[in-house]
Amino acid sequence: MLTVASRPIILCVEDEPALLRDLCEVLQEAGYDAIGAPDVAHARQVLMRVAPALIVCDITMPGTSGIDFMADLRSQDSPLSGVPFMLLTALSQRDDVLRGKWAGADDYLVKPVDYDMLLASIASRLAQMGRMQTAHESQLRRHVDELQFQWTNVLDKISQCALVCDAALGVRFANRAAYSLCRSPGADSSLSVDMQGRMVLHPAIVNHPDIKNFLAGGQEAVKVDLPRPAAGKKMWQVSLLAMGERGQAQARSARGETFVVFLSDTAQRQLHNKAALARRFSLTPTEVQVASLLTDGMTKQEMSAQMNVSAATMAYHLRNLFGKTGTKRQAELVALLMSVAWNDIMLPTPQKV
């Protein structure tokens, strides 16, 4: 697991021991946490433990070169692919500098190292990254706010109990149908109102291991059937669908995830008015069946087993549903199917950030 330090970490990769020692000492004195590595192999081991704010790396070293190391990091689908990379080079290595620039280096310094220039370059690059991160997070927040506003308008019109919750399953929005389920704390209801007047999900839902694993992972949707504490064999069905893209856990935590949560008795959740749904989107009978299973909270694997088709065939039907309904995410598709089948309304689809 990658660790995050309170001070920016600078990883220095240099095969000359004296220069590596000097680089780390200067950076430490300037307020950074400097970690030295004599070659790329050692640098990779460091990256398994920590996430640096910036990498300073010599171009020419025994084994893997600095340029190849950088190119390999850039090709990975991980937070490390975006770490700023500064190359160190000798004056005679102009061609290597050009290759490094073309390969995606953010900056380079010529040996012998001008340490004032080094510190100024690092400070400037980190400040730029900070501004870009702030702007990106602000854009994401605006997008999430717009998305939530559009969704709440639609969810309020359907007869299914629907909530918008944060990553801790705190209720941000409850549609009209949800209020009919609210009971006093401790009652046999999936929803209650706490002492502060907030609507809260039953602890059996919040603490369910499958739901906890879903929130911590990267899946798009999950469906859980669990027994109602005071109702014998009666069951609750809880479906969670991510409202946005789900990437790395660190990125999700930074922007704050939101989820649509559908609640129902397992015997009650059905897709009504399938004929209207088929007419609206020109769905085939098989596509209507897939739509019905989707709104029943089934995963793709469960739908494949239910219909006795392969995963590839199920993916084909889902692509057709996305195309015909103009949606891109499973959460959008389910809400749209439910809203049209119940109320013949359309779900607005916001532009992707």
Review point. Sorted by average packing, counted as other Cβ atoms within 10 angstrom per residue and highest first, what order do 311-318, 288-295, 126-133, 276-283 take?
Key: 288-295, 276-283, 311-318, 126-133
**Study point:** Proximal aspartates and glutamates to residue 328, defined as alpha-carbon separation beneath 14 angstrom and excluding residues fewer than eight positions away on the same chain
**Key:** 220, 245
Exercise for review: Considering only protein heavy atoms, with the full assembly of protein chains and a 1.4 angstrom probe, order 13, 193 by accessible area, largest first.
Suggested key: 193, 13
Exercise for review: Grab the beta carbon distance between residue 278 and residue 179, set R0 = 30 Å, and tell me the FRET efficiency rounded to 0.05.
Suggested key: 0.40
Point to revise | Integer Hz, Karplus 6.51/-1.76/1.60 couplings in order for the range 63-77, x for Gly and Pro | key: x, 6, 7, x, 5, 5, 4, 5, 4, 5, 5, 5, 7, 7, 8
Practice item. Keeping every protein chain in place, order 220, 25 by accessible area at 1.4 Å, biggest value first, i.e. largest first. Key: 25, 220
Revision key, fill the gap. Using a 1.4 Å probe on heavy atoms of the protein chains only, the accessible area for residue 125 in Å², nearest 10, reads 50
Revision key, fill the gap. Length gained if residue 139 through residue 41 is fully extended, taking 0.36 nm per residue and subtracting the Cα-Cα distance, is 31.5 nm
Review point. Once the whole set of protein chains is in place, how much accessible area is left on residue 157, using a 1.4 Å probe, in Å² to the nearest 10?
Key: 110
Check your understanding: Can you pull the accessible area of residue 117 for me, 1.4 Å probe, Å² to the nearest 10?
Key -> 100
Study note, to complete from the structure: Contour minus Cα-Cα span, residue 193 to residue 220, at 0.36 nm per residue, comes to 6.9 nm
Practice item. Treating cross-link reach as a plain straight distance, find the aspartates and glutamates whose alpha-carbon is under 19 Å from the alpha-carbon of residue 111, omitting any fewer than eight places away in the same chain. Key: 14, 15, 16, 22, 25, 39, 58, 95, 96
Review point. Once you put a point 7 Å from the Cα of residue 207 and another 7 Å from the Cα of residue 68, both along the Cβ direction, what distance in nm separates them?
Key: 5.4
Check your understanding: Looking at the square roots a ≥ b ≥ c of the eigenvalues of the Cα gyration tensor of the range 1-64, which shape do they give, rounded for a/c under 1.5, prolate if a/b is larger than b/c, or oblate?
Key -> oblate
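Order 154, 171, most accessible first, counting only protein heavy atoms with a 1.4 angstrom probe.
171, 154
The values are calculated or read from the model by the stated rules, or taken from the named source; none is laboratory data. Computed from a predicted model, the values in this text were never measured in an experiment. Neighbour counts run over all protein chains shown; Cβ positions are idealised from the backbone, glycine included. Surface areas here come from the heavy atoms of the whole protein model, side chains and all, with no ligands, DNA or RNA. Shrake-Rupley method; radii C 1.70, N 1.55, O 1.52, S 1.80 Å.
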